[in-house]
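Below is one structure, written out as structure tokens; comments come after it.
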Amino acid sequence: MTSEYLTNWLYVWFFIAAGGALVVLILLFSKLINPSHLTAEKLAPYECGIPPVGNPWAPFAVRYYVFGLLFLVFDVEAVFLFPWTLVFRTLGTAGFVEMLLFIAVLGFGLLYAWRKGALEWA
Amino acid sequence: MNALYWWLTLAVLLFCIGAFGVLVRRNVIVVVMCLELMLNAVNIALVAISNFRAGALGAGTLFSLFIITLAAAEVTVGLAIVIANYRNRRTVQTDQYDELKG
Amino acid sequence: MNAGNAVVVILPGVVVAVGAFVVFLVDLFVARKAVLAWIAAAGLITGAAVAVGQWISVSNGLHFNARKPQTGFAGMVSLDKYALFCVVLFAGIGVATIMLSDAYLARRKAARGEFYGLLLLVITGMIGMVVSTDVVAFFVSFELMSLPTYVLAGYLWRDERSGEASIKYFVTGAFSSAILAFGLALVYGASGQTTYSGIAAGLAKLSGLDARGFLVVAFVLVVTGFGFKISAVPFHNWAPDVYEGAPTPVTAFMATGVKAAAFAGFARLFVAAAGLQWQTWAHTMTILAVLTMVVGNVLALPQRNLKRMLAYSSIAHAGYLTLGLIAAGTSGKPLGIAAILFYLFAYALMNLGAFGVLIWIRNRRKFAYTLGEIGGLARTMPWAAILMAVFMVSLTGIPPTIGFWGKFYLFTAVVQANLTWLAIVAVIMSSVSAYYYLRVVWYMYFREAPQGAEMEAEPKSSQLGVTVAVSLAAAGVLVVGLFPEPLLKAAEGAVRLIFGG
């Protein structure tokens, strides 16, 4: 292990320590100088000014998941398009046809989901 | 010691955390998250190797792209199975799936 | 690299994949679902026919150089007899599964289109596993094989047992693929390459204790992933539950097809990429094989549920098959791998047959797959009982059946590798297995039928597929049992080229 390597890491550790210390300092400081008079009005939920209805951890309808899953697959498969664009010229026609096939397969998946009613909100 | 070892250590730690989670947690959703963690550890290892190892071909980066998409497909299939089971039994706790044993 | 040539290399897989898409497409637009089974079978048979054609042309040196495998996609895939042999085997297993499942699915009013489509995608993945000569392609194929299988295991998900089988299979399967991926990543780290030949060359250059340790860890991870997929002990816990809960045709397919692909694919990986590093994984493999044989056979003894019994027996057979890898690794001779191919063929015939008989009974009457329920089967369904007896005798390994020759070649390979003690363990364990296999025959012929085992009136859906598939499997068991030479020659021809690069 070279000493240069360690020195580089030293900066990182120093930064982390300084960041942590800053957070503690600010919180402490505000606690010290802040007058604290809790009233019912102050404890009421802040956002939008109305009390929340129901449990925030209420389960979602399972339908959301179906859309989520479909989106996830189509979204992530697009990752292959990015490296492909970089070498598009060198690959030539064969590469173009291959990518068309790939997209056709994805499109087929979408067609299948559509025809099977996975895209209906029912 | 070089940078590769630090990256591999990170990958191994992440992988072990994920594996531990898969073995210990009882909630299937959390188990799926831990599986993702394991696969991401693999990605870190692959990218680190292809970047730092002398003489390594760039195939590692390519492999990690494939693993990202496979992980997405896996999670999709897995969550679909979880949903199907949830409709039957109203639970995602693995220890309550005890119909089959012997 | 000419893209057209590369497509020729993977043509059987492409044909099967296209078959899958045609099944999905026809399912969308055609109301008569009976046609789907025919389309799926046609896709598989076309794929197998292409493979046979390529085999002939490879043998005669037409179009291809017989001495050198035809590779494609920058060395990621290779066309050779090993892959072609496996393609034909996988397609055969697929066609048999379709024949076994059509009436079963129709009876449960389950959608058939997705079932066959997914089945063909699994087989595409299986073909990919044996065609691959690169760990990236290998892993992608491995996942293509695994993911649809999780769905198939839970295909009847409204039945809680099927759903539970699916979720258990998914969690263990995904866990094992993550482990395998990490192992492959480390192999890549050790060698710096991803093609099998590149890995072999890269590993040969490794030196030093650090590198050796790194490699051991990598191999242990890869072997763990492999062990999960073939349900080797101590990674077997999922198998009995999943085999019991999954729809029976899917169980038959998982026990034969998925296991065969895992063995054939990993054998290629181990031999081509890591054969020279044998001493680093010999111990792991030997412990795995012995544990698997002993635990599988012993735990099969008390099982009263036939699907669970066959699950444990399939664990035991995974143990025998692992012997082939050990023999090949230790001796450096190809007989071990050839014996594996022969045994995979044999195991597919007898296990598809045995599960087929269970499906057959299930289609005709109430049946919870327990041992007591097949009492008196010899009188109620005499033809099914005779065939079941043939499969049980063959699974035990008694001549003149294919099961005997399968074990004979495997154990010969082990003895030739100077591992006689391992062969003795295997022989003892197969005599233990006689108890639970022949008990089935005893129940069918010498026990009374239980109450309420009456036949239902002839069901609406045709039993022809099941009957034909099971009868053909039994015929295969006996014919190859009497004339094993041609199949062994084919298996030996298949491994000659890949062995030693």
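The values are calculated or read from the model by the stated rules, or taken from the named source; none is laboratory data. As the structure is a computational prediction, the values presented were derived from the model and not from experiment. Here the Cβ is made from the backbone with ideal geometry for all residues, glycine too, and neighbour counts use every protein chain on show.
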Next on the checklist: Based on this model, can you work out whether B:Ile17 counts as within 11 Å of chain A (Cβ to nearest Cβ), of a type in the set (Val, Ile, Thr), part of a helix (DSSP H, G or I) and surrounded by fewer than 19 Cβ atoms within 10 Å (Cβ to Cβ)?
Outcome noted: no
Next on the checklist: Looking only at region B:35-52, filter to residues that are touching a Leu at 6+ places or on another chain (Cβ under 9 Å) and within 30 Å of B:Arg89 (Cα to Cα); which one of those is farthest from the other protein chains (Cβ to nearest Cβ)?
Outcome noted: B:Leu37
Item to check | Count of residues meeting criterion [facing chain A (nearest Cβ under 8 Å), β-branched (Val, Ile, Thr) and closer than 17 Å to C:Ser162 by Cβ] in region B:69-96 | outcome: 1
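Residues that are more than 21 Å from C:Asn351 (Cα to Cα), touching a residue at least 12 places away in the same chain (Cβ under 8 Å) and within 10 Å of chain B (Cβ to nearest Cβ): find the helices (runs of 4 or more DSSP H) completely inside region C:74-184 holding 2 or more of those. So that I can check it myself, show each step before the final result.
Details: elements: C:81-107, C:113-131, C:135-153.
In region C:74-184, the matching helices (runs of 4 or more DSSP H) lie at C:135-153.
Any residue at all in region C:406-427 that's among the charged types (D, E, K, R) and surrounded by 16 or more Cβ atoms within 10 Å (Cβ to Cβ)? Talk me through it step by step, then tell me what you get.
The initial filter retains those residues of region C:406-427 that are among the charged types (D, E, K, R), namely C:407.
With the extra rule that they be surrounded by 16 or more Cβ atoms within 10 Å (Cβ to Cβ), the set shrinks to C:407.
Yes, region C:406-427 contains at least one residue that is among the charged types (D, E, K, R) and surrounded by 16 or more Cβ atoms within 10 Å (Cβ to Cβ).
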Checklist outcome for this item: All-but-one check, C:Ala368 against (1) surrounded by fewer than 21 Cβ atoms within 10 Å (Cβ to Cβ); (2) not in a loop (DSSP other than H, G, I, E, B); (3) not charged (D, E, K, R), failing number (2)
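Among the residues of region B:53-61, is there at least one that is more than 7 Å from every other protein chain (Cβ to nearest Cβ) and not in a helix (DSSP H, G or I)?
Yes: one or more hits.
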Item to check | Selection within region C:151-167 - surrounded by fewer than 24 Cβ atoms within 10 Å (Cβ to Cβ) and out of contact with any Pro (no Cβ under 9 Å at 6 or more places or on another chain) | outcome: C:Val151, C:Trp157, C:Arg158, C:Glu160, C:Arg161
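Only residues that are on the phi > 0 side of the Ramachandran plot and free of Cβ contacts under 8 Å to residues at least 60 places away in the same chain: list them for region C:193-247, please.
In the first step, residues of region C:193-247 are kept if they are on the phi > 0 side of the Ramachandran plot; the result is C:208, C:231.
Answer for region C:193-247, where residues must be on the phi > 0 side of the Ramachandran plot and free of Cβ contacts under 8 Å to residues at least 60 places away in the same chain: just C:Gly208.
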Checklist entry - Does at least one position in region B:86-102 carry a residue that is touching a Lys or Arg at 6+ places or on another chain (Cβ under 7 Å), hydrophobic (A, V, I, L, M, F, W, C) and assigned to a loop (DSSP other than H, G, I, E, B)? => result yes
Next on the checklist: Please determine whether any residue of region A:39-62 is surrounded by 10 or more Cβ atoms within 10 Å (Cβ to Cβ) and modelled with pLDDT of 75 or more.
Outcome noted: no
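Every residue, every condition in (1) at pLDDT 90 or above; (2) closer than 20 Å to C:Ala96 by Cβ; (3) surrounded by fewer than 16 Cβ atoms within 10 Å (Cβ to Cβ), yes or no:
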{"residue": "C:Ala20", "(1), (2), (3)": "yes, yes, no"}
{"residue": "C:Val23", "(1), (2), (3)": "yes, yes, no"}
{"residue": "C:Val30", "(1), (2), (3)": "no, no, yes"}
{"residue": "C:Ala37", "(1), (2), (3)": "yes, yes, no"}
{"residue": "C:Ile45", "(1), (2), (3)": "yes, yes, no"}
{"residue": "C:Val52", "(1), (2), (3)": "yes, yes, yes"}
{"residue": "C:Ser57", "(1), (2), (3)": "no, no, yes"}
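Inside region C:219-237, can you point out the residues that are over 14 Å from the mean Cα position of the chain (by Cα) and either part of a helix (DSSP H, G or I) or of a type in the set (A, V, I, L, M) (or both)?
Applying the first criterion (over 14 Å from the mean Cα position of the chain (by Cα)) to region C:219-237 yields C:219-225, C:233-237.
Matches in region C:219-237: C:Phe219, C:Val220, C:Leu221, C:Val222, C:Val223, C:Thr224, C:Gly225, C:Val233.
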Checklist entry - If you check every pair at least six apart or on different chains, which have Cβ atoms under 7 Å apart with a residue in region C:33-57 that is assigned to a helix (DSSP H, G or I) first and a residue that is surrounded by fewer than 15 Cβ atoms within 10 Å (Cβ to Cβ) second? => result C:Ser57/C:His63
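To keep it simple, each residue is scored yes or no on (1) more than 14 Å from every other protein chain (Cβ to nearest Cβ); (2) among the aromatic types (Phe, Trp, Tyr).
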position: C:Gln277; (1), (2): yes, no
position: C:Trp281; (1), (2): yes, yes
position: C:Thr284; (1), (2): yes, no
position: C:Thr292; (1), (2): yes, no
position: C:Val298; (1), (2): yes, no
position: C:Gln303; (1), (2): no, no
position: C:Ala311; (1), (2): no, no
position: C:Tyr320; (1), (2): yes, yes
Checklist entry - at negative phi, at pLDDT 95 or above and either surrounded by 16 or more Cβ atoms within 10 Å (Cβ to Cβ) or not polar (S, T, N, Q) (or both), is that true of B:Leu39? => result yes
Checklist entry - So is B:Val22 away from chain A (no Cβ under 14 Å) and either at pLDDT 95 or above or in contact with a His (Cβ under 6 Å, 6 or more places away or on another chain) (or both) or not? => result no
Checklist entry - Got a sec? Which helices (runs of 4 or more DSSP H) wholly within region C:238-311 have at least 3 residues that are surrounded by fewer than 21 Cβ atoms within 10 Å (Cβ to Cβ)? => result C:278-300
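A quick yes/no check of all residues on (1) within 18 Å of C:Gly13 (Cα to Cα); (2) within 16 Å of the chain's Cα centre (by Cα); (3) not hydroxyl-bearing (Ser, Thr, Tyr):
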residue	(1), (2), (3)
C:Gly94	yes, yes, yes
C:Lys109	no, no, yes
C:Phe138	yes, no, yes
C:Leu144	yes, yes, yes
C:Thr149	yes, yes, no
Item to check | Test: residue in region B:58-72 that is β-branched (Val, Ile, Thr) and farther than 29 Å from C:Tyr155 by Cα | outcome: yes
Checklist entry - If you check A:Ala78 against the conditions, is it within 14 Å of another protein chain (Cβ to nearest Cβ), within 30 Å of A:Phe108 (Cβ to Cβ) and at pLDDT below 70? => result no
